[in-house]
Amino acid sequence: MLKIMIIGATSVIAQETARFFATEGAEFFLVGIPADKLVVIKDDLVARGAKRAEVYEADLTDFDKHPQIIESAVQAMGSIDAVLIAHGTLGNQKAAEASVEVALKEINLNLLSNISLLTLLGNYFEKQRRGCIAVISSVAGDRGRGSNYVYGTAKAGTTTFMQGLRNRLAKSGVAVVTIKPGLVDTPMTADIKKNFLFSDPATVGKAIYLGMKKGKDTVYAPWFWRYIMAIIIHIPEFIFKKMSL
Amino acid sequence: MTTPLNRLKQYKSWGRYPTVEHKAIHQIHWRSDLPDVNKFEETVLPYGYGRSYGDSCLNEGGILLDTSYMQQFIAFDAEQGLVRCEAGVSLEQVLEVIVPCGWFLPVTPGTKFVSIGGAIANDVHGKNHHRAGTFGCHVTQFELVRSDGTYICSPTENAELFRATIGGLGLTGIITWAEFKLKRIPSPLIDQEKIRFANLDEFFAISAEMDQRFEYLMSWSDCLSGGDSMGRGIFMAGNFYDPPLGAEPSAKKLKPFVPFDLPSIALNTLSVKAFNAVLYRIPLGKRVRSIVHYEPFYYPLDAINNWYRLYGKRGFLQYQLVVPLEGDNEPIREVYRRIAQSGEGSFLVVLKAFGDIASPGMLSFPMPGVTLALDFAFNGEKTLKLLDELDTIVREARGRVYPAKDARMSPENFRAYYPQWEAFAHYIDPKFSSSFWRRVTESANGQ
Ligand SMILES: Cc1cc2nc3c(=O)[nH]c(=O)nc-3n(C[C@H](O)[C@H](O)[C@H](O)COP(=O)(O)OP(=O)(O)OC[C@H]3O[C@@H](n4cnc5c(N)ncnc54)[C@H](O)[C@@H]3O)c2cc1C
């Protein structure tokens, strides 16, 4: 059975993805904060069929602790077959515009922590010569927009880093899966008014689960975002810059 | 893995009548992060999947606490058949987890898109009421968060709150999680028998016999034909199928087959012709047996998402009554006559005999007798007047009408149906209220 490490396991999208793996009897190593919520998720996954789940409380902006997280996962499960990195915050664009500190804090959590984890995990999987690394990036990284470009920058950086890592690890038979969810109805977007473009986390979770199983390169979740983004990317900049998006 | 919610949630009830405005909606994502209801000026009401038809899941001008996001399982004991999960877990999700392990819901309503919290708060019933009672009969414990504290409720602990909350219409507090017993099944298949009956007399005769042989029973009946064929219809009975050794069809291979004829009939939007076509496919008196997956057997309407839309913008009214089985069942006949006369035409009704297993719920709807469920497109005064007339029949027969499907019963009738309402009201959390409750207790409070 699959042994899966989930980083940022309290994310609703990560939970939904994990539930699909749980029905197959997967084993989990759940990393994130806070511990009591991780335990809630662990119980849920076990009730839904997971063979086992371990929880590991960690502040992911504490980069020095990253090696320890991975070592603990390997120790607990014997090895790691797949990892899903799902932590992140949507941040407050307006606050990030007003303060360098806030902007850099966003980049720290949403980009630098990924780079740190992916560097360590890349080496682990390269040596193992099999497995799957999946990261939740975002369609927001496909083009910078006035309403959330700090978040978008972090996601674009993550996407590019993943692209390079994929190229490097292809030789070792390791799948590197970039997931780009569109608008999802989760606590992260609780304050945004919902429209027809919003998706259910379960739908997104299923797309991620299938993408990871098949070792896809890029997963738009749901699929129609691939086409929406294809259009958005191709709008000429001289028009795009005047649009309010 | 979670039940897709209506993501453009409108926070209406399933009948789309009435529609009301709420002051605010609070989504609850973690059972450990409940809002402190004392800080709200307005009253609050939990809201599950909005599968109640009338106004019992609405709180006009107040606050709805959306519990449908709380979808964590807490424990599943596959040996003993016991599930503990958060209140927003849907019956659909429970089935996904338990059926592969050889278990089924102890009781299920006609849709799997209801939350465990909603199933308890309306103390829902299903086709096996005569054998298993209501959902509340199988609940072993739950956690109730009230404005004055958190209570674990079970038949032995906070027993009064336990009884008040089962069928308590969401008024006694927020159920955060619940634990309930499951039923063992030999396969996910149903051994089904259909029988056509020519009129109500035949229905009662068949019902008495089938009660003994089958766990699951219900009928479709035509309430427009009069005279000798008044109440004619089709009886559907079933037991879980125990496949002979070596011939076990795996649940995975046998894909649920969803028939499209049943739901459309159920909607009363099809012509009499279509109904007759099905009716006469089965010869009178003959029993037609088949093995079917549990999906089409229990949940024919779930195949059509958002079927309420077929009724258009004005919405529709559901009406479910129960009256005691007595003598020649004149009240039921009178109901059929009234409907036929009115021309309002709920043309097909669901007909079923309830058994005598008592629920722990104080305000539960089911009682021993015959139950009828009907739906009417909302045609203003005319429809309301007909339902008032039906109320009078039910009241005189010492029966009841189901609050989960009501948007219009009068306070007087409510109090006649549920004389225990005052005892129940004692357990209502003062911070909780609903449009339904204000409506049915309105003049009572003023007295
Ligand atoms: C197609 C269809 C078929 C149906 N068939 C049947 C049937 O056969 N038998 C039957 O009995 N009913 C039936 N119903 C009615 C339905 O089962 C009930 O209305 C059920 O309670 C709806 O659950 P919900 O989660 O949608 O709750 P909602 O409708 O959202 O709320 C129902 C009540 O539960 C309360 N509530 C919800 N969550 C909580 C919580 N966490 N804590 C406390 N209170 C809570 C609400 O305040 C409200 O009073 C049917 C409905 C439909 C649409």
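Remarks
- Among the residues of region A:180-224, just one is at pLDDT 95 or above and closer than 19 Å to residue A:91 by Cβ, namely A:180.
- The residue of region B:103-131 that is nearest to the other protein chains (Cβ to nearest Cβ), among those that are near the ligand (Cβ under 8 Å from one of its atoms) and in a helix (DSSP H, G or I), is B:116.
- Filtered residues of region B:135-190 (kept if in contact (Cβ under 8 Å) with a residue 24 or more places away in the chain and in a helix (DSSP H, G or I)): B:135, B:136, B:137, B:138, B:160, B:161, B:162, B:163, B:164, B:165
- When B:219, B:207 are screened for being within 15 Å of the ligand (Cβ to nearest atom), more than 14 Å from chain A (Cβ to nearest Cβ) and either over 28 Å from residue B:404 (Cβ atoms) or of a type in the set (Ser, Thr, Tyr) (or both), only B:219 passes.
- Any hit, region B:168-178, residues being over 26 Å from residue B:438 (Cβ atoms) and within 14 Å of the ligand (Cβ to nearest atom): yes
- Considering (1) within 14 Å of another protein chain (Cβ to nearest Cβ); (2) farther than 18 Å from residue A:15 by Cβ; (3) in contact with a strand residue (DSSP E or B) (Cβ under 9 Å, 6 or more places away or on another chain), the lone condition that residue A:170 does not fulfil carries the number (1).
- With respect to being away from chain B (no Cβ under 14 Å) and crowded, with 20+ Cβ neighbours inside 10 Å, residue A:186 falls outside the description.
- Residue list for region B:37-53, filter: in contact (Cβ under 8 Å) with a residue 24 or more places away in the chain and away from the ligand (no atom under 15 Å from the Cβ): B:38, B:40
- The lone exception for residue A:195 - which of (1) within 14 Å of chain B (Cβ to nearest Cβ); (2) part of a helix (DSSP H, G or I) it fails: (2)
- Among the residues making up region A:17-33, a single one is facing another protein chain (nearest Cβ under 8 Å), surrounded by fewer than 24 Cβ atoms within 10 Å (Cβ to Cβ) and not in a loop (DSSP other than H, G, I, E, B): A:20.
- When the residues of region B:132-146 are filtered to those that are within 11 Å of the ligand (Cβ to nearest atom) and of a type in the set (A, V, I, L, M, F, W, C), the one that is nearest to residue B:84 (Cα to Cα) is B:142.
- Residue list for region B:64-80, filter: touching a Pro at 6+ places or on another chain (Cβ under 9 Å) and more than 13 Å from chain A (Cβ to nearest Cβ): B:64, B:65, B:67
Condition check ((1) surrounded by fewer than 22 Cβ atoms within 10 Å (Cβ to Cβ); (2) within 14 Å of chain B (Cβ to nearest Cβ); (3) in a helix (DSSP H, G or I)) across all residues:
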{"position": "A:45", "(1), (2), (3)": "no, yes, yes"}
{"position": "A:49", "(1), (2), (3)": "yes, yes, no"}
{"position": "A:76", "(1), (2), (3)": "yes, no, yes"}
{"position": "A:83", "(1), (2), (3)": "no, no, no"}
{"position": "A:94", "(1), (2), (3)": "yes, no, yes"}
{"position": "A:103", "(1), (2), (3)": "yes, no, yes"}
{"position": "A:115", "(1), (2), (3)": "yes, no, yes"}
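- Positions within region A:160-188 being of a type outside the set (A, V, I, L, M), under 21 Å from residue A:227 (Cβ atoms) and not in a loop (DSSP other than H, G, I, E, B), in sequence order: A:163, A:178, A:180, A:181
- Options A:152, A:157; residue that is in contact with a Lys or Arg (Cβ under 7 Å, 6 or more places away or on another chain), away from every other protein chain (no Cβ under 11 Å), outside any strand (DSSP E or B) and not hydrophobic (A, V, I, L, M, F, W, C): A:152
- Residues in region B:65-83 that are in contact with an Asp or Glu (Cβ under 7 Å, 6 or more places away or on another chain) and over 12 Å from residue B:98 (Cα atoms) were compared, and the one that is surrounded by the fewest Cβ atoms within 10 Å (Cβ to Cβ) is B:74.
The values are calculated or read from the model by the stated rules, or taken from the named source; none is laboratory data. All figures in this text were calculated on a predicted structure; none of them were measured in a lab. Reconstructed Cβ throughout: ideal geometry from the backbone, glycine too, with neighbour counts over all protein chains shown.
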